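Data first, discussion second: the structure below is written as structure tokens.
The values are calculated or read from the model by the stated rules, or taken from the named source; none is laboratory data. Since the structure is predicted, the reported quantities are computational estimates derived from the model, not experimental observations. Cβ placement follows ideal geometry from the backbone for every residue including glycine, while neighbour counts extend to all protein chains displayed.
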Amino acid sequence: MEELAIYGGTPIIQPGEVKNWPPVDKTDEELIIKALHVPQQSCSVYTKQLEEEFCEFNGNKFAYFTNCGGSALQMCIAGCGIGAGDQVIVTAYTWPSSASCIIHNMAVPVFVDIDPETFLIDPNKIEAAITPRTKAILVVHLHGLCCDMDPIWALAKKYNLKIIEDACQAHNAFYNGRKAGTLGDCAAFSFNQNKCLTAGEGGLFVTNDEEIFMRGRTLTDFSDMQPTKDTDEFPAYAFGHKFCNNEITAAYALAQLHKFPGYYKQLIANATTLDATLKKANIKGLKLPYEPANCKHNWYNYNLRVDFDAIGKGGLSNDEKSRFRHAICAALRAEGMGCVVWQHCILPEMTIFRSKNAYGKGYPWAVPGADDGVSYDLANFPEAIKYCYSHIAIVQILRAPNDTAMAAKVAQCIEKVFTNLDKIDADKILK
Ligand SMILES: Cc1ncc(COP(=O)(O)O)c(C=O)c1O
């Protein structure tokens, strides 16, 4: 076997071979130049066209183009009428914005462990987390795989809860033939550069419910800032945020939306090639992602896991396992294959949740009753913790214009490193 590149061997993927995401061409350039010349530079022609076309593409009635996915999530929470003293259920393993959106509306997140196969909120553990204060379940379709919605819908019906979708990573992901962003009361998408549909930055707040839409909208454009009657003057007070985006970014997003079907097809072909090759290779110590039969992954993030038991390292501490995994990740990168450790800790481990203090003086947990029944005891989240120290995330290298030949090389990198795990010396690699 060829020497690992991390120890001086030849990398499988040479510098310059991997193409950048997203592809930018005349479609983007022409629309962006046009947007530069519209008289009103925000909430105007291209923003409206993007909102309309995305609604048509995704099957939503209402959409608002925001500056990021995190602000769209905040609009979802406000749109559902959630505020001080309320609780929202959310997965313990996700991007922090899935929980900060709750806190920014003065409500309290209640974390639930993940399913060990899908890495998504475990529907069997949700009911135990419901209290009289629970107002919603915020489902995160992480990595581009939809949550198991049937049991979640049943719980929402039983306890009269709203369902909010964090679809920030889930453009064109499907559950039982239905698209992410249409599986709950409202949803948020992100358009940051990592996403399968990007405009550099940006987000969309979408819903089919006009009341939720109008309530969510009150959070942006300074909310209360309306012109006083019969004049153009604004009153001195102005609550809320400014979450709107601008025409140039909207035009970029629109151009990318027009090209999305081609990009998506390529990404699926690349991930399918990688998945089939790795399944066939059946490598000891390597766990592959799982796609339930009723879901269609968008492969935003193809996740590997190290199976420590299979390689005789099950007895290591979590920190040692994490360090070994970091060393594998470094060895894969040395082969020319972009990959990262996505989250270094689960959300309940973050200082803000350890201290139950976001705004000072213990708020929002200090709101009377808000903290009732809320425990961030880490013993409640064993699967999330396990996933955290064992995963390796593959994101941009599988995107268009990289093709199946690149996916085959990614598979070679993984096979080379994972069949040489006995040579991975974390002390030497990480120093
Ligand atoms: C699951 C999830 N939710 C929310 C966000 C926030 O999106 P943005 O970066 O556009 O604010 C992200 C961003 O990566 C995300 O991955």
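Data overview
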read-out	value
Matching residues in region 197-206 - criterion: being more than 9 Å from the ligand (Cβ to nearest atom) and not in a loop (DSSP other than H, G, I, E, B)	Leu204, Phe205, Val206
Residue among Tyr7, Tyr46 that alone is away from the ligand (no atom under 16 Å from the Cβ), hydroxyl-bearing (Ser, Thr, Tyr) and buried (at least 19 other Cβ atoms within 10 Å of the Cβ)	Tyr46
Subset tally (residues that are buried (at least 16 other Cβ atoms within 10 Å of the Cβ) and within 28 Å of Asp166 (Cα to Cα)) for region 293-319	12
Qualifying positions in region 78-111 - aliphatic (A, V, I, L, M), under 17 Å from the mean Cα position of the chain (by Cα) and more than 10 Å from the ligand (Cβ to nearest atom)	Ile89, Val90, Ala92, Ile102
Thr131 away from the ligand (no atom under 16 Å from the Cβ), at pLDDT 95 or above, on the phi < 0 side of the Ramachandran plot and not acidic (Asp, Glu)	yes
Pair list, Cβ under 7 Å, 6 or more apart: region 240-257 residue over 12 Å from Thr218 (Cα atoms), other residue hydroxyl-bearing (Ser, Thr, Tyr) and part of a helix (DSSP H, G or I)	Asn245/Thr47; Glu247/Tyr46; Glu247/Thr47; Ala250/Tyr46; Ala250/Thr47; Ala251/Tyr46; Leu254/Tyr46; Ala255/Thr27
Any hit, region 366-383, residues being in contact with a Cys (Cβ under 7 Å, 6 or more places away or on another chain), of a type outside the set (Ser, Thr, Tyr) and touching a residue at least 60 places away in the same chain (Cβ under 8 Å)	no
Looking only at region 167-177, and only at residues there that are in contact with a helix residue (DSSP H, G or I) (Cβ under 8 Å, 6 or more places away or on another chain) and not small (Gly, Ala, Ser), the one that is surrounded by the most Cβ atoms within 10 Å (Cβ to Cβ)	Cys168
Ala400 being under 30 Å from Leu197 (Cβ atoms) and either in contact (Cβ under 8 Å) with a residue 40 or more places away in the chain or surrounded by fewer than 21 Cβ atoms within 10 Å (Cβ to Cβ) (or both)	yes
Of residues in region 385-420 being in contact with a strand residue (DSSP E or B) (Cβ under 8 Å, 6 or more places away or on another chain) and among the aliphatic types (A, V, I, L, M), the one nearest to Asn318 (Cα to Cα)	Ile392
Test result for Val24, more than 16 Å from the ligand (Cβ to nearest atom), in contact (Cβ under 8 Å) with a residue 40 or more places away in the chain and surrounded by 14 or more Cβ atoms within 10 Å (Cβ to Cβ)	no
Count - residues of region 180-196 that are more than 10 Å from the ligand (Cβ to nearest atom) and either surrounded by 24 or more Cβ atoms within 10 Å (Cβ to Cβ) or of a type in the set (Phe, Trp, Tyr) (or both)	6
Number of positions in region 222-263 that are hydroxyl-bearing (Ser, Thr, Tyr), at pLDDT below 65 and surrounded by fewer than 16 Cβ atoms within 10 Å (Cβ to Cβ)	2
Residues within region 257-303 that are out of contact with any Pro (no Cβ under 9 Å at 6 or more places or on another chain), charged (D, E, K, R) and in a helix (DSSP H, G or I), tallied	3
Selection within region 388-418 - charged (D, E, K, R) and in contact with a helix residue (DSSP H, G or I) (Cβ under 8 Å, 6 or more places away or on another chain)	Arg399, Asp403, Glu415
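The rows are residues; the columns are (1) among the polar types (S, T, N, Q); (2) closer than 29 Å to Pro382 by Cα.
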| site | (1), (2) |
| --- | --- |
| Gly16 | no, no |
| Thr66 | yes, no |
| Met106 | no, yes |
| Thr118 | yes, yes |
